[in-house]
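Beneath this line is the structure, given in structure tokens, with notes to follow.
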């Protein structure tokens, strides 16, 4: 067996480049995730970034960020590549990708006190089954700390509450796994006008917690992160059972009704769902979960042993067969029948190997490749001491040992979504630590009247730092969890005012490419009429867009939100729809709401960046706020999320502050839900209306 | 944070036997320099003892259920399935009326003492006009009257300085330009137990929204039955000061606090100006099995050049040891 080349060891060693001085790759291997796990010699207190490239066959290698801000574990650090869905477009899991090369770079060191982080609800050597809540606690002397949880170096989906993570163990292989958590603490969260000192960070990693997963149904796996039947995709659902079983796969819609059932028997489950219901009925796009139920059963006649030896033959380099034709076991059942302790899977395409500046195929150097998958301890335990003829147990097993269920998907990077529920785009500006002084916008008039008054002053002023990235990340994650696909996530230098301007002004109007837009920035209101062409003498509101330190003011009337795609837009910026300015823009027919936009959600007062506010908005729209109310309308979710975020005793709105949210749009659309909405039904701009709710106090 | 965001877990992890709220749920851990001077200038003190309560299912009386069902004209045999996905789809404890496509819907959830009623047609439509929306005084009168229908005694409501039920008002204004018309008014009452208020009506209390002609457009009741489970001693002023000094309080998030945090190493002195006690209760999106107290300290943080007035939250029932 040792002559079989295990996918991973040489792969990673050749493909990984240590970018920083003194950074030594110690080892790499491929786990049962079919994803490289890379270990390197690290500096305590250091922070690393992992880049990737699809090819090295170039003098100018196109390295791209795969994972960043990864803290050192001490003198040795490991990490698993499982893709990254926080980038747009999403970086797929390596099992869905061909070749991938890696570069590891130390990007810095902690410049503030490290937090303390620990996994509090799971202890070493515990056996975990089913869905488990893993609690992580972080303490810091800094302003705040955020935590992440990893399994074998793979980051889990973020915690809903910042502390508790859902770990659906049947989606991993049975056997040993390592849990650890990381924490990142920051000296402060938000900027403000009187303190623009840079934010400093400290990071920490918890102690490793060694656990064992043990489930009757394990390795519940979904082939597609999103599932698009309209593109000809099928969702391949597979699972492994602890013994030969009759199994049932039930596909559940959002109301937990079963819409499709499949049954069969075997040691494993393999099912391709084409997106239709029982009897081939059409099903709407949306969130579907998969419930697998397996019950131990009598196996059919076992496969005869090929030669009665427990030693596997040495593989022949000339063998190039497909898995179906392979002489080695390709399933747990085959392995048992052959008396092996492992079975083998085909690998993803292997990278080329560079020797003396020449490239060679992997196979030409190392021969054919397969991935060895050891049979799980639980599986082996069940069959130990029994002859092949006695296997499987059919009568003596208890119900608990001989049956199980698993439901998913909950493991990154898979979403339980069929088709496209909708797309979203997010753009934000954080501004620069230390503040950036900007001049007021031009008024469109000649000197000496060429400068606007912004909030009563024509003087330059400083733009404080905002925590918009945190809000943007949170709302993006919540929308993804609700089944929405990201169209773009652009921040800081990646988003310019011209990207948001309407086409007639030379802009690219990027939000019109998605169904739901979220813009986070500073907002200021003019106290002089603005005579530039788009504003037409109205009182405008303004958002500053810094591009490498140079500001470009975006007037709200320079936007034309709404398209065949864009129905709902959120502008989380102070005073963006301030009453006086809104009325002026309304009367001048220069509101940024065109006949295709349904609703514009924003504020008519100062707003405060409670980190969860927009996340709650997304959750209320996609999953609901209460046990029983179903999803909220876009408008109500906007109001309720602000009310709830500001009412929480964790948050403190400045004394005396009054926060009023405003939703503007077409009357027909005020009751829109994300998946049940009405067309505006008119192009008469005078019909545009608004609702205000004071959400604090 | 979990109060806001508990989606996956219906019941949070504050165990039934817990006696204090984790600091992380109350804000950001506040760790002043070890040499900071902390002084007490608050005039009031906490009560010597405080109860911990367990949440027990509230069996809504037939009268209460009937009163609320009357809002939508429902009869008991019109109970329907919960529309949509919900957090716990088709939880057997939910008593629901109204289909998703109907304007009126009502849910009772006895395990957490929740009632939610909505009438999407009670307020002026975006194309219509409001009429006879109660003014503030009338809305308060109507809301107090409806409390009786809910079998809620006003003596169980938090009070203001004048001894009247503490009321938070809200209104929705609708229009096309200028000053819009008020299409709804909301009255929020906060619950109080043993003289200790909950943190807000959505964490324990009643919110009633009135629309056209005083119709109830929205009703949210968070009023579980409570069973005293444990009596705890509260922290003395000296113990609270020690808690502050030893980093066992949490700074409430917010712009002022962010500014303060950046300067913590230069913090010289902390003055506690006021202390208040609250219960952290359930809310519509986060239900708790245990209702625990915490204290809010209004402090002045003294720095070399400036001072900040901010709030610290503290799990007062488990005082720091001297």
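List of remarks:
- Selected residue (criterion: nearest to the other protein chains (Cβ to nearest Cβ)) from residues of segment B:82-120 that are part of a loop (DSSP other than H, G, I, E, B), touching a strand residue (DSSP E or B) at 6+ places or on another chain (Cβ under 8 Å) and modelled with pLDDT of 85 or more: B:120
- Number of positions in segment B:240-279 that are buried (at least 19 other Cβ atoms within 10 Å of the Cβ) and part of a helix (DSSP H, G or I): 13
- Pick from segment A:238-286, criterion within 14 Å of chain B (Cβ to nearest Cβ) and not in a strand (DSSP E or B), ranking: nearest to residue A:421 (Cα to Cα): A:284
- Flag if residue B:237 is crowded, with 24+ Cβ neighbours inside 10 Å and either at negative phi or free of Cβ contacts under 8 Å to residues at least 24 places away in the same chain (or both): no
- The set of residues in segment B:285-309 being facing another protein chain (nearest Cβ under 9 Å), in contact with a strand residue (DSSP E or B) (Cβ under 6 Å, 6 or more places away or on another chain) and buried (at least 16 other Cβ atoms within 10 Å of the Cβ) consists of B:294, B:296.
- Restricting attention to segment B:72-81, the residues that are in a helix (DSSP H, G or I) and either over 17 Å from residue B:119 (Cα atoms) or in contact (Cβ under 8 Å) with a residue 60 or more places away in the chain (or both) total 2.
- Scanning segment A:477-534 for residues that are more than 22 Å from the chain's Cα centre (by Cα), at positive phi and in contact (Cβ under 8 Å) with a residue 24 or more places away in the chain turns up just one, A:509.
- Test: residue B:30 is at pLDDT 85 or above, within 11 Å of chain A (Cβ to nearest Cβ) and crowded, with 21+ Cβ neighbours inside 10 Å: yes
- In this structure, residue A:646 does not qualify as surrounded by 22 or more Cβ atoms within 10 Å (Cβ to Cβ) and within 17 Å of residue A:475 (Cβ to Cβ).
- Any hit, segment B:250-269, residues being closer than 30 Å to residue A:627 by Cα, more than 8 Å from every other protein chain (Cβ to nearest Cβ) and in contact with a helix residue (DSSP H, G or I) (Cβ under 9 Å, 6 or more places away or on another chain): no
- Condition met for residue A:234 (in contact with a strand residue (DSSP E or B) (Cβ under 7 Å, 6 or more places away or on another chain), within 12 Å of residue A:294 (Cβ to Cβ), surrounded by fewer than 17 Cβ atoms within 10 Å (Cβ to Cβ) and away from chain B (no Cβ under 14 Å)): no
- Matching option when the condition is at the interface with another protein chain (Cβ under 9 Å from one of its Cβ atoms) and either modelled with pLDDT of 85 or more or more than 27 Å from residue A:482 (Cα to Cα) (or both), among A:140, A:163, A:182: A:140
Conditions tested, residue by residue: (1) under 30 Å from residue A:186 (Cβ atoms); (2) in contact (Cβ under 8 Å) with a residue 24 or more places away in the chain.
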position	(1), (2)
B:31	yes, yes
B:35	yes, no
B:38	yes, yes
B:59	no, yes
B:63	no, yes
B:67	no, yes
B:70	no, no
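- One residue from A:121, A:86 being more than 14 Å from chain B (Cβ to nearest Cβ) and either assigned to a loop (DSSP other than H, G, I, E, B) or within 24 Å of residue A:55 (Cα to Cα) (or both): A:86
- From the options B:200, B:205, B:195, residue that is surrounded by fewer than 24 Cβ atoms within 10 Å (Cβ to Cβ) and within 21 Å of the chain's Cα centre (by Cα): B:195
- If the condition is being closer than 30 Å to residue A:69 by Cα and part of a loop (DSSP other than H, G, I, E, B), then segment A:213-237 contributes A:223, A:224, A:225, A:226.
- When the residues of segment A:584-637 are filtered to those that are under 23 Å from residue B:102 (Cβ atoms) and away from chain B (no Cβ under 11 Å), the one that is surrounded by the most Cβ atoms within 10 Å (Cβ to Cβ) is A:621.
- Segment A:662-686 - residue that is assigned to a helix (DSSP H, G or I) and either buried (at least 17 other Cβ atoms within 10 Å of the Cβ) or at pLDDT 95 or above (or both) and, of those, nearest to the other protein chains (Cβ to nearest Cβ): A:667
- For segment A:146-160, the candidate set comprises residues that are part of a strand (DSSP E or B) and more than 15 Å from residue A:81 (Cα to Cα); within that set, the residue that is modelled with the highest pLDDT is A:148.
- Among residues of segment A:638-661, those that are facing chain B (nearest Cβ under 7 Å) and either modelled with pLDDT of 90 or more or not in a strand (DSSP E or B) (or both), counted: 9
- Considering the conditions (1) farther than 14 Å from residue A:203 by Cβ; (2) in contact (Cβ under 8 Å) with a residue 60 or more places away in the chain, residue A:62 is excluded by exactly one of them, (2).
- Qualifying residue in segment A:200-212 (condition: modelled with pLDDT under 90 and either part of a loop (DSSP other than H, G, I, E, B) or within 15 Å of residue A:411 (Cβ to Cβ) (or both)): yes
Quick grid of which residues meet (1) assigned to a loop (DSSP other than H, G, I, E, B); (2) under 30 Å from residue A:539 (Cα atoms); (3) within 14 Å of another protein chain (Cβ to nearest Cβ):
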{"position": "B:138", "(1), (2), (3)": "no, no, no"}
{"position": "B:143", "(1), (2), (3)": "no, no, no"}
{"position": "B:148", "(1), (2), (3)": "no, no, no"}
{"position": "B:155", "(1), (2), (3)": "no, no, no"}
{"position": "B:162", "(1), (2), (3)": "yes, no, no"}
{"position": "B:178", "(1), (2), (3)": "yes, yes, yes"}
{"position": "B:188", "(1), (2), (3)": "no, no, yes"}
{"position": "B:208", "(1), (2), (3)": "no, no, no"}
{"position": "B:217", "(1), (2), (3)": "no, no, yes"}
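- Residue count for segment A:451-468, restricted to those that are under 39 Å from the mean Cα position of the chain (by Cα), at pLDDT 85 or above and buried (at least 22 other Cβ atoms within 10 Å of the Cβ): 2
The values are calculated or read from the model by the stated rules, or taken from the named source; none is laboratory data. Owing to the predicted nature of the structure, the values given are computational and were not obtained by experimental measurement. Virtual Cβ from ideal backbone geometry, glycine too; neighbours counted across all protein chains shown.
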